[in-house]
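The values are calculated or read from the model by the stated rules, or taken from the named source; none is laboratory data. None of these values were measured; they are calculated from a predicted model. In this analysis, Cβ positions are derived from the backbone assuming ideal geometry, glycine residues included, and neighbour counts consider all displayed protein chains. Quick note on the areas: whole protein, heavy atoms, side chains included, nothing else; ligands and nucleic acids left out. Shrake-Rupley method; radii C 1.70, N 1.55, O 1.52, S 1.80 Å.
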Amino acid sequence: MISRKLLLAASVAFGALSTTTIARADSVTLYCSADEAWCQQLARGFEQDTGITVDMTRKSSGETFAQVKAESANPKGDVWWGGTGDPHLQAAAEDLTEVYADSPMRAELYDWAIKQAEASGNRTIGVYSGALGFGYNKDLIAKNNLPEPKCWADLIKPEYKGHIQVANPNSSGTAYTMLATLVQLMGEDKAFDYLKALHKNINQYTKSGSAPIKAAGLGETTIGIVFLHDAVAQTVAGFPIEPIAPCEGTGYEIGSMSLIKGARNPEEAKKFYDWVLQAKVQEKAAEVNSFQIPSNKNAKVSDKVPDISKIKLIDYDFKKYGSSEERKRLLSKWDNDVASLPQ
Amino acid sequence: MRAANSPTGLHPTVLLWLAVGWIGYAVLPWYGLDDNFFLLGWLTDGYPLNDDVAPALFLNLQGQKLWLAPFAILLALPLLLYGRPKNDPLFGKLLMIVGALGMAWFFMQGFGIGLRGWRFEWLNLLFGKLDDRQFGMGYGALLTVTAFLFMFCIGLAARGAVGGDVFVVSSIGFVIGTVGVFIFMPVLQMLANALITPEGNYSLGSFISKIFSERLWSLGCFTGTRCGVALNSLFLAILVGVLTTLLGLVFALVATRTGFKYGKLLRALTVLPIITPPFVIGLAIILLFGLSGAVTQFVSGVFGIQPTRWVYGLPGLLIAQILAFTPIAFLVLIGVVEGVSPSMEEASQTLRANRWQTFWNVSLPLMRPGLANAFLLGFIESMADFGNPLVLGGNFDVLSTEIFFAIVGAQNDPAQAAVLAIVLLFFTLGAFYAQRFWLGRKSYTTMSGKGDAGVHPRLPAALEKILFIVAGFWALFTVFVYATIFYGSVVTRWGIDHSLTLDHYVKSFSIGRTEHGIHFSGAAWSSFWTTIEIALISAPLTAAIGLITAYLLVRQHFKGKEAFEFGTMLSFAIPGTVIGVAYVIAFNVPPIELTGTGIILVLSFIFRNMPVGVRAGIASMSQIDKSLDESSLTLGANSWQTFRKVILPLLRPAILAALVYSFVRAMTAISAIIFLVSARYDMSTSYIVGRVENNEYGIAIAYSTVLIVVMLIVIGLMQLIVGSRRIGRRGVESDQMQSRTNVSSPVVQPSGAG
């Protein structure tokens, strides 16, 4: 009978795969939301320093949030490192992550990292930050005889029509940071007037936040609005990209870290948490072409990291603009007032 | 099954399943183990008394998990059938009752008692708090519930269902059971989300306002803004379905009916796109036709036209999807095109129809099942495609990416995702019924046991010319795109630095030597081996379950067949993202706890890809005359022997199509598995996507190139193992046509066909 054979084959086959990721002695499961090389560097570095095995899965912060939420009845991950702060704050608000207020490393961190922790009831903490800006492809600017954009105000000039790319704030945290930044920088009404004007110049709203600058690197768009560290990574990789911090001032993201509630290896997770906040660990990010600003005050900063003292940063209200009601309100306003306009 | 009539002892099939049930209950560990079951480590971990590894019987004897004890009673009851023949009324009735009660109790206890005691609040109210808990079920539980399922089926057959055929009833039961657990249960859990409001309540109102929203159905593209996502998807899918079917037909005709000398080369070309990992075609198209693409720059340089972003949106999506999905249509159609009996065509010509009339009025209508199935597959593939819209979609939003970003994007709205998924399902359902309607109730049978000589007549000359031109153009285009891809893997940095290098291959696939022997030091090896293992395991299982289902659908008549057919097609219609999230939600907690294992990847591949096996099987099987089965049955074979010895050999092209397709899909799928991969079971595609995200296009393309070569080799091996079907005396006449039953592989066919 074929079903019998099938069953036999199935059980034999599945047996080969049936080791689950269940707690073993001295291991920790890391959900990592930065890029692969950085995640690998952290995982292998922690293994070397402590002898604790790291099972690392790399996913974007949105994907990780969806997964942590889906797994909440029976969590598989222990610690979630990296990715923009909003999903971490969201996870904290939904009680998916664990309070950890007495890490010995807190004294060494910048205020913005601690503020992020306080905004979440100490369920998350800042591990790096990055300012918002844009980057342009020098070759294309020259080829099309365009002036070099320096400010937010430049981007709505008619000569840039069809030259600018930014992600859709409905799908990307980067683009939502831009939306919230502009609202805080200009006031809500003026910000939406600005966005309507910008809409005319946009050639595509991408899905992923860093896609615009990658497109610019390949010469598929002239200007991409992204986090500066993403633009710098393109320059370092050899693409003709010039990163620009807007002259009016700009907002920023705080990459965060959270301990997952109900984790199977809570002790190891805390060890990782304290380990990864050290200056000597954070310094190494530049080696793998990640140019975010480290949250540890003592960490030496690569000269390629955008100098934060030369960027005008706004006092970004993460608590307000990270909240789910404010986000829903701004996004639906953007959908109705901006995205629905003809280009 | 002759022994069934002897009244002594227990019916052998019943005995078998009873033994399986008892092994599950009393011998194997009931709950899932932390370690690999087949390493047998549990035998030394205090088995059979230790709680963690104990079989249910030993748990019960120690007074634990007493809710498992009823299984012992149920498994004892069939012993009452000792000495009773199959036609005894008690035989069927008792087996059905035992099977049904067993399964019902199994799922009630599984879903009722979870990690924290009772899973539902009302059980707490009813029975008070439960201090015990249970983990995910293991092999013991699996065997026991399987035994109950088959006992139920044997009982049903004994009571006369489907002509009392145990094999058929058991197969139906098996397919329904697995499809129910691995498709319906997770998907329904997921879709229930559509009714949830942001506040966490259930509401029909919010569902209705979402499903009729402007974002889905706006006709704005006719007035200067944008059309709704749903309309975009529908429009694209219809175009892709029609065009891939036509192109697939062109290739199938060229390969089988024109005496074309380089048929093998052509097949290799048409197969290339299907074995290409996601993003790669999209990336190549951008590198060629994007704003700064090689072709765009060349054209704008020569003709002095300002380069544009024309490729982003519908045009680019059409090119990429037609490139990617034409091979599927080809795989479905080639079996059908060559299956059309020459006798019919000869009859037509004898009646003085010319070549064109014969082709239009006889050959083409007989290919209808193939055409309809090819269209359906193209339509659904386009609907569910994720990689290409992500790279090339521009501002042309489609449902599959919207669903993904509704779940993982900043808006984080699973309810919206569920609504979009329902719309997508609705379209697929529509296409499915349109296809059924078009096929109608006509017969497309051409292969019978009767005299079947002759060769296919030649096609009309004009048609032949057109076919060659279209196929030639598309083949050249494919070559061009793939040459680009290969070139991209050996240059330092595409578009910036075109010096040749093998660095990308070395980084991914270097093999070092250490004192312990060979060490796979390249970064890609781990995901590479995992992917191969999982693809090799899931392919034969997918093909098997798909073909059994096709056999049931074409050859058997039973109540609820249409619902059954739709159920098996459902998973294909649901985009991978939805399946991925649904699997995480459904299989993360007991009773079925599979996240983080390789099993969940295998299962998701089997149930996502089985519809291809089903479609290919149906298309081929509707051509095989039922009189073949009937004569086999008349000669005393049972339905299993008939299936094995008569139908299966005639289905070789379908088997190969199913095997190849499911293997390839397991190697190249992305949207579903992105939620299911874990640290230990990482897959190549998620690794490649990571590289693309990180700007390492060279490595991504190099890895893809290696995967393509590996898949070609494996497909060739599969072809050798499965072999080809031999139909009548056809093919003897012409040497060139000798290998036309070869479905898809460029590998040389073993000679001797025909």
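Could you please give the count of residues in segment B:360-415 that are of a type in the set (F, W, Y), buried (at least 24 other Cβ atoms within 10 Å of the Cβ) and either over 18 Å from B:Y661 (Cβ atoms) or in contact with a His (Cβ under 9 Å, 6 or more places away or on another chain) (or both)? Quick ask: steps written out before the conclusion?
As a first pass, look at segment B:360-415 and keep what is of a type in the set (F, W, Y): B:360, B:375, B:379, B:386, B:396, B:404-405.
In the following step, the residues that additionally are buried (at least 24 other Cβ atoms within 10 Å of the Cβ) were identified as B:375, B:379, B:404-405.
Pick out the ones that are also either over 18 Å from B:Y661 (Cβ atoms) or in contact with a His (Cβ under 9 Å, 6 or more places away or on another chain) (or both) and you get B:404-405.
Summing the residues that are of a type in the set (F, W, Y), buried (at least 24 other Cβ atoms within 10 Å of the Cβ) and either over 18 Å from B:Y661 (Cβ atoms) or in contact with a His (Cβ under 9 Å, 6 or more places away or on another chain) (or both) in segment B:360-415 gives 2.
Across segment A:37-68, which residue is farthest from the other protein chains (Cβ to nearest Cβ) among those that are within 25 Å of A:S210 (Cβ to Cβ) and surrounded by fewer than 20 Cβ atoms within 10 Å (Cβ to Cβ)?
Here the residue is A:G45.
Could you list all residues from segment B:672-699 that are buried (at least 24 other Cβ atoms within 10 Å of the Cβ) and small (G, A, S)?
Answer for segment B:672-699, where residues must be buried (at least 24 other Cβ atoms within 10 Å of the Cβ) and small (G, A, S): B:A672, B:S684.
So is B:L94 open to solvent by less than 30 Å² (accessible area, probe 1.4 Å) and touching a helix residue (DSSP H, G or I) at 6+ places or on another chain (Cβ under 7 Å) or not? Don't jump to the end; show me each part of the working.
Working: open to solvent by less than 30 Å² (accessible area, probe 1.4 Å): yes; touching a helix residue (DSSP H, G or I) at 6+ places or on another chain (Cβ under 7 Å): yes.
For B:L94, the condition - open to solvent by less than 30 Å² (accessible area, probe 1.4 Å) and touching a helix residue (DSSP H, G or I) at 6+ places or on another chain (Cβ under 7 Å) - is met.
Listed residues A:L140, A:L146; which is within 14 Å of another protein chain (Cβ to nearest Cβ), more than 22 Å from A:P87 (Cβ to Cβ) and not in a helix (DSSP H, G or I)? Steps first, answer last, please.
Details: A:L140 fails: not in a helix (DSSP H, G or I).
The unique qualifying residue is A:L146.
So which of A:A70, A:A34 is of a type in the set (A, V, I, L, M) and either within 18 Å of A:G173 (Cα to Cα) or touching a Leu at 6+ places or on another chain (Cβ under 8 Å) (or both)?
Criteria check complete, one pass: A:A34.
Of the residues B:V299, B:V311, B:V254, only one is more than 29 Å from the chain's Cα centre (by Cα), buried (at least 21 other Cβ atoms within 10 Å of the Cβ), among the aliphatic types (A, V, I, L, M) and in the same structural domain as B:A471 (by TED's automatic domain parsing); which?
Among B:V299, B:V311, B:V254, only B:V311 is more than 29 Å from the chain's Cα centre (by Cα), buried (at least 21 other Cβ atoms within 10 Å of the Cβ), among the aliphatic types (A, V, I, L, M) and in the same structural domain as B:A471 (by TED's automatic domain parsing).
Consider A:S324 carefully, then state whether it is among the small types (G, A, S) and touching a His at 6+ places or on another chain (Cβ under 6 Å).
Numbers: among the small types (G, A, S): yes; touching a His at 6+ places or on another chain (Cβ under 6 Å): no.
Criteria not met by A:S324.
Out of the residues in segment A:284-320 that are part of a helix (DSSP H, G or I) and at pLDDT 90 or above, which is surrounded by the most Cβ atoms within 10 Å (Cβ to Cβ)? Outline the logic, then answer.
Step one: list which residues in segment A:284-320 are part of a helix (DSSP H, G or I), which gives A:284-288, A:308-310, A:318-320.
Restricting the remaining residues to those that are at pLDDT 90 or above gives A:284-285.
On the way: A:K284: 17, A:A285: 25.
Looking at residues that are part of a helix (DSSP H, G or I) and at pLDDT 90 or above, I get A:A285.
With of a type outside the set (S, T, N, Q), open to solvent by 70 Å² or more (accessible area, probe 1.4 Å) and touching a residue at least 12 places away in the same chain (Cβ under 8 Å) as the only criterion, which of B:W105, B:W67, B:W118 stands out?
Being of a type outside the set (S, T, N, Q), open to solvent by 70 Å² or more (accessible area, probe 1.4 Å) and touching a residue at least 12 places away in the same chain (Cβ under 8 Å) holds for just one of B:W105, B:W67, B:W118, which is B:W105.
Which of the residues belonging to segment B:182-210 are open to solvent by less than 30 Å² (accessible area, probe 1.4 Å) and among the aliphatic types (A, V, I, L, M)?
B:I183, B:V187, B:M190, B:A194 - these are the residues of segment B:182-210 that are open to solvent by less than 30 Å² (accessible area, probe 1.4 Å) and among the aliphatic types (A, V, I, L, M).
Of everything in segment B:603-640 that's touching a strand residue (DSSP E or B) at 6+ places or on another chain (Cβ under 7 Å) and open to solvent by less than 10 Å² (accessible area, probe 1.4 Å), which residue is farthest from B:P369 (Cα to Cα)? First the steps, then the outcome.
Of segment B:603-640, the ones touching a strand residue (DSSP E or B) at 6+ places or on another chain (Cβ under 7 Å) are B:623-625.
When the remaining residues are screened for being open to solvent by less than 10 Å² (accessible area, probe 1.4 Å), the result is B:623-624.
Working: B:Q623: 9, B:I624: 13 Å.
Among those residues, the one meeting the criterion is B:I624.
Give me the pairs, please: first residue somewhere in segment B:534-557 and within 8 Å of chain A (Cβ to nearest Cβ), second residue anywhere and of a type outside the set (A, V, I, L, M, F, W, C) and not in a helix (DSSP H, G or I), beta-carbon distance under 9 Å, and either six or more positions apart or on two chains.
Listed by first residue and then by second, the contacts come to B:I534/B:Y681.
Out of B:T577, B:T595, B:T642, which single residue is touching an Asp or Glu at 6+ places or on another chain (Cβ under 8 Å) and modelled with pLDDT under 80?
B:T595
Checking A:E220 against (1) more than 12 Å from chain B (Cβ to nearest Cβ); (2) outside any helix (DSSP H, G or I); (3) out of contact with any helix residue (DSSP H, G or I) (no Cβ under 6 Å at 6 or more places or on another chain); (4) over 21 Å from A:Y176 (Cβ atoms), which test does it fail?
All conditions pass for A:E220, except number (1).
Looking at segment A:98-119, which of its residues are among the polar types (S, T, N, Q) and either closer than 30 Å to A:K214 by Cα or without any contact (Cβ under 8 Å) to a residue 40 or more places away in the chain (or both)? Give the derivation first.
Filtering segment A:98-119 for residues among the polar types (S, T, N, Q) gives A:103, A:116.
Once the filter is applied, which keeps residues that are among the polar types (S, T, N, Q) and either closer than 30 Å to A:K214 by Cα or without any contact (Cβ under 8 Å) to a residue 40 or more places away in the chain (or both), segment A:98-119 yields only A:Q116.
Looking only at segment B:218-251, count every residue that is away from chain A (no Cβ under 14 Å) and surrounded by fewer than 21 Cβ atoms within 10 Å (Cβ to Cβ) and tell me the total.
Number satisfying all stated conditions: 7.
Just to confirm my filter: which strands (runs of 3 or more DSSP E) fall fully inside segment A:1-116 and include at least 2 residues that are within 20 Å of B:E593 (Cα to Cα), hydroxyl-bearing (S, T, Y) and at pLDDT 90 or above?
Here the list reads A:27-32.
Does A:N201 meet the test of being open to solvent by less than 30 Å² (accessible area, probe 1.4 Å), within 11 Å of chain B (Cβ to nearest Cβ), among the polar types (S, T, N, Q) and touching a strand residue (DSSP E or B) at 6+ places or on another chain (Cβ under 9 Å)?
It is false that A:N201 is open to solvent by less than 30 Å² (accessible area, probe 1.4 Å), within 11 Å of chain B (Cβ to nearest Cβ), among the polar types (S, T, N, Q) and touching a strand residue (DSSP E or B) at 6+ places or on another chain (Cβ under 9 Å).
Would you pick out the residues in segment B:20-64 that are within 14 Å of chain A (Cβ to nearest Cβ), open to solvent by less than 50 Å² (accessible area, probe 1.4 Å) and more than 17 Å from B:L142 (Cβ to Cβ)?
B:G41, the sole residue that qualifies.
Pairs only if they're at least six apart or on different chains, beta carbon under 6 angstrom, first in segment A:226-243 and within 11 Å of chain B (Cβ to nearest Cβ), second surrounded by fewer than 23 Cβ atoms within 10 Å (Cβ to Cβ) and of a type outside the set (S, T, N, Q); list them, first residue then second.
Listed by first residue and then by second, the contacts come to A:G238/B:R493; A:G238/B:I496; A:P240/A:K138; A:P240/A:D139.
Test B:G690 against the criterion of being at pLDDT below 85 and within 10 Å of chain A (Cβ to nearest Cβ), and give yes or no.
Considered against the rule, which asks whether it is at pLDDT below 85 and within 10 Å of chain A (Cβ to nearest Cβ), B:G690 comes out as yes.
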